[in-house]
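Below is one structure; the comments refer to it alone.
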Amino acid sequence: MPQIIDGKAISAQIKDELKEKVAALKQEGTSLCLAVIQVGNDPASSVYVGNKKKACAYIGIESLSYELDESTTQEELLNLIKELNKRQDVNGILVQLPLPGHIDEDLVIRTIDPSKDVDGFHPQSVGTLCIGQKGFVSCTPAGIIQLLKRSGIEIAGKECVIIGRSNIVGKPMALLLLRENGTVTVAHSKTANLKDVAKRADILVVAVGKPKMITRDYVKEGAVVIDVGIHRNENNKLCGDVDYDDVAPICSAITPVPGGVGPMTIAMLMNNCVESAALNR
Ligand code: NDP
């Protein structure tokens, strides 16, 4: 049987470590505050925002909540961000995506002060990641590195294949695995012979956004499989991009859905908030 990588337990461990750090920072007089902005009331976004606020409360980070109406204009949103950029007491700004169609997401991301960009989406954050300098890293891929490290999985020298090249998962994942000295391949919808490419992987990270697409035909025996996908099926049950029941028996380690990558994203967001407070002291 494969090692089941327990994202719930690992994220709980990280949150407890952060709670201690926050207590120490507070003793030194450093306060921590995350501003969370949601535009509209998309139910999935509301759940994510609620979970982020809950995690803040657990760790000891104050959260400021801005629940804006769907009809909020781009200018109003940008003005709020600019105001929060200036506030000394706010160390992190998070705008929950996706935004309504009339708002330019890229412009919104670019308006956040890079020193408060706890989601790691600002071009400056992406640039520092690319050239190996200090900066905020996109939370989901950063969480995957923690999952691997804390599960005792060596990355250096390993063939790492990522399926998916999005700006928030695939690309930063590639840069992080490279930073950890993996040999990295990024596959996408135009990749020829995807099964053969995926089968080269010692570590296969799947972020395609297609329920259960990855079967054992894509997986080398003994590979580590990280499933980033989250989908709800017709019975309201969660599943990933990987067909878990088919793949698990042939791999050495695998993340389940739920309870794998998902919980790590919020833990790493909290980590970025703590880093932001520590950096900007
Ligand atoms: P995107 O839709 O932005 O990107 C999907 C990527 O997969 C694209 O690069 C696309 O290629 C590639 N792709 C799509 N179909 C195929 C195919 N048939 N063969 C090969 N490559 C393909 O998705 P995200 O990266 O944002 O998210 C991926 C999944 O992860 C989703 O299920 C999402 O819900 C989940 N997710 C989970 C998070 C968590 O916290 N656990 C956080 C973020 C995302 P191309 O570029 O050529 O179009």
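The values are calculated or read from the model by the stated rules, or taken from the named source; none is laboratory data. As the structure is a prediction and not an experimental result, all values here were calculated from the model. Virtual Cβ from ideal backbone geometry, glycine too; neighbours counted across all protein chains shown.
Just for segment 162-183: of the residues that are of a type in the set (Val, Ile, Thr) and surrounded by fewer than 21 Cβ atoms within 10 Å (Cβ to Cβ), which one is farthest from the ligand (Cβ to nearest atom)? Looking at the filtered set, the residue picked out is Thr183. Of the candidates Thr191, Thr140, Thr128, the single residue that is in a helix (DSSP H, G or I), within 9 Å of the ligand (Cβ to nearest atom) and not small (Gly, Ala, Ser) is Thr140.
Within segment 35-48, the residues that satisfy the criterion of being part of a helix (DSSP H, G or I) and either farther than 12 Å from Pro98 by Cα or not hydrophobic (A, V, I, L, M, F, W, C) (or both) are Pro43, Ser45, Ser46, Val47, Tyr48.
Selection of segment 207-236 for residues being β-branched (Val, Ile, Thr) and either away from the ligand (no atom under 11 Å from the Cβ) or more than 16 Å from Gly7 (Cα to Cα) (or both) yields Val208, Ile214, Thr215, Val219, Val224, Val225.
For segment 13-32, a tally of residues being in contact (Cβ under 8 Å) with a residue 12 or more places away in the chain and in a helix (DSSP H, G or I) returns 10. For the residues Val247, Val274, Val219, the requirement of being surrounded by 18 or more Cβ atoms within 10 Å (Cβ to Cβ), modelled with pLDDT of 95 or more and closer than 28 Å to Ile61 by Cα singles out Val274. Just to be sure I understand the filter: pairs with C-beta atoms under 9 Å, separated by 6 or more residues or on different chains, first member in segment 207-235 and on the phi > 0 side of the Ramachandran plot, second member hydroxyl-bearing (Ser, Thr, Tyr) and more than 9 Å from the ligand (Cβ to nearest atom). Which pairs pass? That search, which allows pairs on different chains as well, returns Lys212/Tyr244; Gly222/Ser252.
Would it be correct to say that Asp202 is acidic (Asp, Glu) and surrounded by 14 or more Cβ atoms within 10 Å (Cβ to Cβ)? If you could, list the steps in order and put the result at the bottom.
Values: acidic (Asp, Glu): yes; surrounded by 14 or more Cβ atoms within 10 Å (Cβ to Cβ): yes.
Yes, satisfied.
Among the residues of segment 1-11, write down those that are touching a residue at least 24 places away in the same chain (Cβ under 8 Å) and assigned to a helix (DSSP H, G or I). Passing the criteria: Gly7, Lys8, Ile10, Ser11.
When only residues in segment 150-185 that are in a strand (DSSP E or B) and in contact with a helix residue (DSSP H, G or I) (Cβ under 9 Å, 6 or more places away or on another chain) count, which is farthest from Gly132 (Cα to Cα)? For segment 150-185, the residue satisfying everything is Ile163.
Checked against (1) more than 9 Å from the ligand (Cβ to nearest atom); (2) surrounded by fewer than 16 Cβ atoms within 10 Å (Cβ to Cβ), Leu148 passes all but a single condition, namely (2). Which residue is nearest to the ligand (Cβ to nearest atom), if the candidates are limited to segment 250-267 and must be among the hydroxyl-bearing types (Ser, Thr, Tyr) and either in a loop (DSSP other than H, G, I, E, B) or under 11 Å from Ile5 (Cα atoms) (or both)? It comes out as Thr255.
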